[in-house]
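Since the structure comes first, as structure tokens, the remarks are kept for the end.
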Amino acid sequence: MAFKTPVSSIDELQSLFARLGIPADYPTTSGLPFHPEPDRLVDAGHDMFQRPVQLTPVALRAWQAMQAAAARDGITLQLISAFRSVAYQADLIKRKLASGRTLEDVLAYTAAPGFSEHHTGRAIDIGTPGSKPLETEFDSTAAYAWLTANAEDYGFLLSYPEGGTGMICYEPWHWCYHETIDAHLLDKTEFKE
Ligand SMILES: [Zn+2]
């Protein structure tokens, strides 16, 4: 699939949506905001599966500061996933469809290309030793308790809280760095990302 990178407008996604069978009105019906890809990404080392990961420069600095602070408190925070491109998200959905799942089922758990917060290069999935990656049980770990108490000091907010509105279910592992966190605190509507 050929993409102009970064993908910066919804219009660029329509032919991709058509190929995947995603309804053209998804941008309005999903309740999810469009997330353009960033202009600049930097290498953020490797995730817990030794895959190379990327974040925006400011998000990387904030993540490293938060990880170090947690370590000083005896908490190990591991990076499970960071930046994902629109093309990667499209492949992810294609693979799930190829495994026999319906589009409706797939889209209940996976945002359509262009609508994953991971496209921003500021969203990260966090794990900790002894807890299965990307499972709700993460919220009973000391790492989650530490994040709840401290993540905001480093600019990270939980994107999909329990009982939250929107198409994405509760994800205690998914945190997003907000550069203008003070402004976001004033405008609660910005949290529905
Ligand atoms: Zn995530």
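Laboratory data are not the source of any read-out in this text; all were calculated from the coordinates shown. Just so it is clear, the model here is predicted, and its values are computed rather than measured. No Cβ is skipped: glycine too gets one built from the backbone with ideal geometry, and neighbour counts run over all protein chains shown.
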* **Filter result for the condition that a residue is among the small types (G, A, S) and outside any strand (DSSP E or B), over A59, A44** => A59
* Given (1) among the acidic types (D, E); (2) within 12 Å of the ligand (Cβ to nearest atom); (3) over 16 Å from the mean Cα position of the chain (by Cα), where does E171 come up short, assuming only one miss? -> (3)
